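To start, the structure itself, in structure tokens.
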Amino acid sequence: MLNPPLRIALLNLLWLLPLQAAKTITPTLPAPIGPHAYFYQLLSGGAIANFYVAANTAVANNTYAIAVSRNGKNLTALAPAKATVDNQKAAANPITGKKIARLGLADDLPAVVLDGEKQVYFLHSIIDAPTNVDVISSGNLKDSNGNLTASILALAGARQGGNYLLAAVQNQAGDTFGAAGSGIALLKSITTTVGKDKDKALRHSLSVLNNGNAFSFTGDLTALKISNTATITSNNVDFCWNPYLSCVYIAADVQAANATSGARAVVVGKITNNQLTFTPIAPDAAFSGANQIVGVNNSATTDVSIQKVRTMRTSTQLDYLIVIGGNGSRSAVGNQVYALPLVNAANSATGTLAKYDSTPTETSVNSFYRARAYTTAATSASDLLTSSSTAAVVGTGNLPLAASTEATDIFVIDDTVFVSIGNAYSSSLRSVYSGSDTPGLFSSQALFDSTGRIQAWTPWQRVGGSNEQIWGAGYIPTTGDFWLIPGTDSANLTTLQRTIWGNGNADGLLGGTTSDASVGLVANVNYPMQSLTDYNVQTAGFDQFALAIATGLKTVSLIATGQSSGGFFQPNLGDFSTGAAASTNGALPTLSSSTKLVTLTGGALNQLGPVTCSVVATAGSNHWIIVGGADGLAVLCDSSGNGWSGTISQLSDLPSNLSFKQVGNYQYVTRLVCDQNYLYVLTNEKLDRIPLSSTNFANNTLNPTTLAQPSAGSTGAPNTYFDVAISGSLALLATAQGLWRTGNGNDISTATNQTAVNWTPVLLPSPIGPVYQFCPLSATTNPNGWSTLGNIYVLSAYRGYQQARINRLTVNLSGAIDDNTVQFLPDQYLADQLSYFIDFYNFKDAFNYLAGSMYIGNCRDNSTPLQLQKLPNGIHSGSRYFNYKSGIVTESLELTGRLNNQINQLALNSASGALMASGSFGLRVGE
Amino acid sequence: MLSKFRSTRSQHPFRCTSTMPQSSLKLRRVCIGVSGSGFAGQAILAPAYAPISAAGRRATAGARRAYIVVSELVVLSSLLLGFTQLSWANIAPLNFLLPDDPNFVVQLQSDRHFQFESLNQFGVHNIQARRDFDDPLTDKTIRETVNVLQIWNKDQSALDMIRGFSADTAIGELAAKLNSANDDGMRGHMLPTAQLHGDAFSGRARYRVLPSLTVNISVPFYRFKLSDVQWQDQTLSENLPDLITKDYLTNDFTNNVLELSGGLDIKNGWSQIGIGDVMAELRWDGNFPQPARPILKNVWLSVRSGLTFPTGLRKNENQLFSLPFGNDGAMGLTIGGGIDLNWAKVFHGNLNVDFLELFGTTRARRFKTDVNQTDLVFLAYEKARLKPGITQRFNLGVSAQIYRGWSLAVAYEHMKHHSDTLSLYNNLYSSEIANTAASLQGWSTHDIIARLNYTGRANFNLFYKHPFNGRHTLLTNVVGLEFSVDF
């Protein structure tokens, strides 16, 4: 083994490279970005994704009229001046320099409609780009009556034994889509062999099926109307091809004929024998009223508007239809996103809406679990989720967007729905993420019940670390980063950006201003961190304010991550240095309104040694910042034990006479939780509940109630504690002896001693012993709200065997705790036997499921650099023997001084959506 | 011709040959490799050890040369065989010369039937160790001379020490308690140092059963003392994992080990005196004068084989760095041979190759339970079968007669031991991991030996052995006195 200094030097050399902060994907595009399309495909062991952009302005010789960024890399021009066009080599490329009106993808190949044209160009081979591409054209498309269409409204692709394209076409007169003659043209890329022997050659063509005519798609379509002919009310049509179900979902804005009729805004299309057939998303009888999201029937409200449609295959292997829109006119539903279950069994109802409360069917092969499916189609109104169903409402509520406007993009990755918003901040309402337009990229994650069905969603949360208006976005599965199209003018979007992991060097975000990295947050909290915790804007005691607390050796930093600016809650970015304050006596220094960062050392913090955790604690209108460390607990309070009362909206609102005061007599505090006016203190050998009281803090009489501690002679009882999650009456305790919960009928918030808690083991399937960490997902903005339809990802880890696994729990606390309060998600490997979700075959220090990606922190032995690893996408039930080395992209972290030896759970900056990794290396950000 | 043989012994500082028989006793014998051949009974087979038959006396110089060629082939074959699969060994990591060291084998005088030899080695100073490891970062092998307790690892990882045990055991519970503490190269690292001193004594008796065939029995004794044991904690105090590592593990490291291991005392040193492994060997020597050659005057060949018996003090699994005074309970089979050349009756050169094959033994042992574990402190103690690897010894020496019976000699000796294999009798642990222990890997020694030799009625050697390089071996500088006398 090398001596440490030499190892440090060598490892520094090895790991310097990843520290880049480039965000704009080069080259700069000659023309602004117009249509864009995102391709994402799961492969064995991971996924790939490409982001296509097209020009919205004709610029002569623009070879980037179509361009692609593959897996987040630089753009490749797909419109070279010379191309193989309709089998003619080195022909003038008709796409070069043009303005692109429509862009669609068939598999991973782009098809375009040029501005003002009525034919489709399909790039059936781009493998040689940018040197050459193969382009085939369709000729002008016809409507369903065989007449030349007035316009192509939408374009999408499908892959089913070949590449198909679907184009929504107007009738010849250019009437609103849905009028007689409107239809969906079905095109197919065909390759034939011509000639013989030496003259044999492949010829490619783009054929319009159905004798060149579009398939009629009007309000009279049986799959669309209910009872009487409906009306399609706009030219907005959206497609989504589902490769698992082999069907295309066609979304439109529709209106029932009258209050006694109905209409469906989503139609299922299937390609059979090169013919496109349309199927109702659910039978007529399934619709009743105006709250079933994709349809309406017998209601005074006759409009149903679906702006965008996507599908989701969950990690529990069920399929869902994801839509933006719902019951109402288009201008009334732009901020609504819903999820509806789909039948994904191979039967005649495949692809249609499933009876939401039916139990999914599991299939196995040779006693090995293989798949899960909804097999029962919805047939009656009670079978469909409604717009008020918790399971249906993605984000638990509306997007931070006015209903009259529209989200700019939507995509689905695994269990997460992402929506981008291009609107600028605007609203007289200042409630965050509700009623006001908030730009950016937002995500919501599905929460499952014990059968694998979606039971709820996490609230909308900004991700991507950007405060800009976002007009298009995509997910880079290799790294968990995002493509973003930012800009203030949708007609002049000049850059395609991507987020990136690193120190954010001068990125204008947390890495400093665009000209000075030294003023950034990363540079100003450059010390080994023991913890980094985000407190979002909904935290009690905050008003339009968000805070992160970083802790280190005898050090605590308060970071204002977001506060009101220009009348809106916005993330603090760029300069954290101006107004930054520090103290060395543990007391709050003088702060100004420009203070975004204050670092406290000394005083009582010296007594704590390494400060390992923090909490913003609340009792009524009184609030405290409390930190715990190796040698105790300290409260930021005044001489009377008060923290602050009411709310603060910036750091300088904190009372000036606060200082850290050590209270109690604790050692090795590892977790602090505040719930229902109590502070829960977890050490490695004790769990105490402390009533929050200024008087008690002032007098240092905490009056703790010990709820867990090792008992001599109680064999099998836990004796080392790692983590605790508390929500109402329920507590989950992660221990070296497994997972424990509050006993049936007991209440952690009222128990007077350990016996009254009646700790009950939760026997994980295929356990490895110690349960190390919780990653709760809550359906509310309260981080302790996971007990209501929430999920908990449980990291079991034992360094003694170099093992780590993930189990998933679903929690539904309604009334008293019983055996059904905490249940397992139906992850299986052997049929009908619950199993763990992931086996890492190695020890892992930290696990997070944030922003659509699962991350693990890996602090390995013997001087190997720390690693932050993103797990491959597509992990699902049955992925038991997941190979942790396959498909994972490792982001190594810069080494500074001593070898890095600690990495904490990631924190999501709730204000900007940036991911923040902390540890002995300091801070790194994904933004 | 016989008179030439008479002086051989005095001219042979490395391997003193017996005085040639002066009588007309006629001996005949068969040489290894040519057994049953037409050479048997010819004079070329007899000069030193066999009473010369009439046929032998009539042997031609050509036949003699042929024999030499054949003999050399035998030796070379043995050498080649040894490189590929055979072995020799003993407590070689101790790096003392073994009782049968070829540098000190003295040929029985022809008129004597019994020989006693004493080889006494005294450590010059405290023993150091040679450590090497492959650096994964540079792909280079780093070799260092270190304190004996650092022979396998620079320091001992207390955190890795408690890994590889089920979480529901006492050790596992501690490992779980320290889940958050990874081995960062400092945390939990204990730097051990100690003073090790050793001396070795051996006696060897030799009895002639046939004119060229002797039986040798050697009995070694050793005295070792490990003292001044110190453990220095390298753990810092910068974060919670540091502190809990100290609190629960390293602050009271020696007592924790004592408790967790079920008795392994790493706090105190030890002092031991005891017998080593007795070795019984059958040896054939053949001396072949080269009167017709202008420079080369004599060729002496030897072949030996025997057994080592597990009489030596065995490794104490509850002592720190316990050293077995033998092959740790394993019986062994030895085989070897050598060739000695005399040039101009003044200079000598010799090459010896020996091999030892040890048989496996089964008993409770300490072993590695986690691939990252360091080797000095193993907590696991279970029944296991150890199959030692083969051992080879190569000795190359030259000498020059400086005055009558006095000569100066220098020799290079190299021993190489191949990896041992441990098979566990417990499926709670992995034999694969156990066999990654550095202490089970091969070792090698390199020594330079300088001698002042007197050969007369009795033989004396005053010598100094200087170890250098080597792998996973102790570096024992030795001064010694050897003497032998025939009866």
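The values are calculated or read from the model by the stated rules, or taken from the named source; none is laboratory data. A quick note: this is a predicted structure, and the numbers were derived from the prediction, not measured. So basically every Cβ, Gly included, is an ideal-geometry build from the backbone, and we count neighbours across all protein chains shown. The accessibility values were calculated without ligands, DNA or RNA, using every heavy atom of the protein model including side chains. Shrake-Rupley method; radii C 1.70, N 1.55, O 1.52, S 1.80 Å.
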- Based on the mean of other Cβ atoms within 10 Å per residue, sort peptides A:28-37, A:126-135, A:553-562 so the most packed one is first. A:553-562, A:28-37, A:126-135
- Message: Test of understanding: what is the full-extension gain from A:Asp107 to A:Thr260, defined as 0.36 nm times their sequence separation minus their Cα-Cα distance?
- Response: 51.0 nm
- Query: What is region B:297-378 by shape, rounded, prolate or oblate, if you read a ≥ b ≥ c off the alpha carbon gyration tensor as root eigenvalues and call it rounded for a/c under 1.5, prolate for a/b larger than b/c, and oblate otherwise?
  - Reply: prolate
- Excluding residues fewer than 8 places away in the same chain, name every one of the lysines whose C-alpha is closer than 19 Å to that of B:Lys345. B:Lys4, B:Lys297
- Task: Could you go through region A:560-573 in sequence order and give the Karplus-derived ³J(HN,Hα) for each residue, using 6.51 cos²θ - 1.76 cosθ + 1.60 with θ = phi - 60°, rounded to whole Hz, and x for Gly and Pro?
- Result: 7, 7, x, 6, 5, 8, x, x, 10, 5, 9, x, 7, 9
- Message: Going through the cross-link list A:Lys23/A:Lys98; B:Lys315/B:Lys383; B:Lys154/B:Lys246, which pairs have a Cα-Cα distance over 21 Å in this structure?
- Response: A:Lys23/A:Lys98
- Note on the structure: Quick calc: nm separation of the 7 Å Cα→Cβ label points for A:Thr584 and B:His466 -> 5.6
- Query: In nm, to one decimal, how far is the B:Arg404 label point from the B:Ala450 one, both placed 7 Å along Cα→Cβ?
  - Reply: 2.5
- Mean other chain Cβ within 10 Å across B:184-191 is 5
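To the nearest 0.05, how large is the calculated FRET efficiency for A:Asn505 and A:Ser594 if R₀ is 35 Å and r is the Cβ-Cβ distance?
Taking R0 as 35 Å, the efficiency between A:Asn505 and A:Ser594 is 0.95.
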- Message: Can you give me the distance in nm between label points at B:Ile142 and A:Ala58, each placed 7 Å from the Cα along the Cα-to-Cβ direction?
- Response: 6.8
- Quick one: Karplus J couplings for region A:214-229, per residue in order, coefficients 6.51, -1.76, 1.60, θ = phi - 60°, nearest Hz, x for Gly and Pro? 6, 7, 4, 9, 9, x, 8, 5, 4, 6, 9, 7, 10, 6, 10, 4
- Item | Spin-label proximity, A:Thr359 to region A:809-841 - amide N less than 19 Å from point 7 Å beyond Cα toward beta carbon | A:810-812, A:819-835
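What total accessible area, in Å², is buried where chains B and A meet, using a 1.4 Å probe and rounding to the nearest 100?
Buried area between the two chains comes out at roughly 3300 Å².
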- Accessible area per residue, 1.4 Å probe, Å², for chain A: what's the number? 32
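Any number yet on Rg/Rh for region A:311-386, C-alpha, Kirkwood?
Reported Rg/Rh, Kirkwood definition of Rh: 1.06.
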- Highest first, please rank the peptides A:328-341, B:331-344 by the mean number of other Cβ atoms sitting within 10 Å of their residues. A:328-341, B:331-344
- Mean shadow area (nm²) of the C-alpha convex hull around the protein assembly as shown is 65.1
- Message: Given Cβ point charges of +1 (Lys, Arg) and -1 (Asp, Glu) and nothing else, what value in debye, to the nearest 20, does the dipole of region B:170-268 about its Cα centre take?
- Response: 1060
- Taking Lys and Arg as +1 and Asp and Glu as -1, residues besides A:Ile421 with C-beta under 14 Å from its C-beta add up to -2
- Note on the structure: If one compares the long axis through the Cα atoms of helix A:4-14 with the longest principal axis of the Cα atoms of chain A, the angle in degrees, nearest 10, works out at 20
- Query: Under 17 Å from a point 7 Å along the Cα-to-Cβ line of B:Met331: which residues of region B:340-368 have their amide N that close?
  - Reply: B:356-363
- Query: Which far-off residues, 5 or more places away or on another chain, put their amide H under 5 Å from the one on A:Ala582, with H placed in the peptide plane?
  - Reply: A:Thr599
- the protein assembly as shown, accessible surface, carbon-and-sulfur percent (1.4 angstrom probe): 51
- Net charge near B:Asp199: determine it from the other residues with C-beta under 10 Å of the C-beta of B:Asp199, scoring Lys and Arg +1 and Asp and Glu -1. +2
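Shape verdict for region A:745-785, please, from the Cα gyration tensor: rounded (a/c under 1.5), prolate (a/b greater than b/c) or oblate.
oblate
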- Query: Counting Lys +1, Arg +1, Asp -1, Glu -1, what net charge surrounds A:Ser444 among other residues with beta carbon under 15 Å of its beta carbon?
  - Reply: 0
- Item | Subset of B:Lys225/B:Lys267; A:Lys89/A:Lys200; B:Lys177/B:Lys267 violating a 19 Å alpha-carbon distance limit | B:Lys177/B:Lys267
- Report the extension gain between B:Arg112 and B:Ala292 in nm, rounded to one decimal, defined as 0.36 nm multiplied by the number of residues separating them, less their alpha carbon distance. 61.8 nm
- Message: With n ≥ 4 as the cut-off for DSSP H runs, can you work out [θ] at 222 nm for the protein assembly as shown, using -39500 (n - 2.57) per run divided by the number of residues, rounded to the nearest 500?
- Response: -1500 deg cm²/dmol
- Note on the structure: In nanometres, the difference between 0.36 nm per residue of separation and the alpha-carbon distance of B:Asp247 and B:Val485 is 79.5 nm
- Message: Residue by residue through region A:335-345, what is 3J(HN,Hα) from phi via Karplus (6.51 cos²θ - 1.76 cosθ + 1.60, θ = phi - 60°)? Round to whole Hz and write x for glycine and proline.
- Response: 10, 10, 10, 10, 10, 10, x, 10, 6, 10, 8
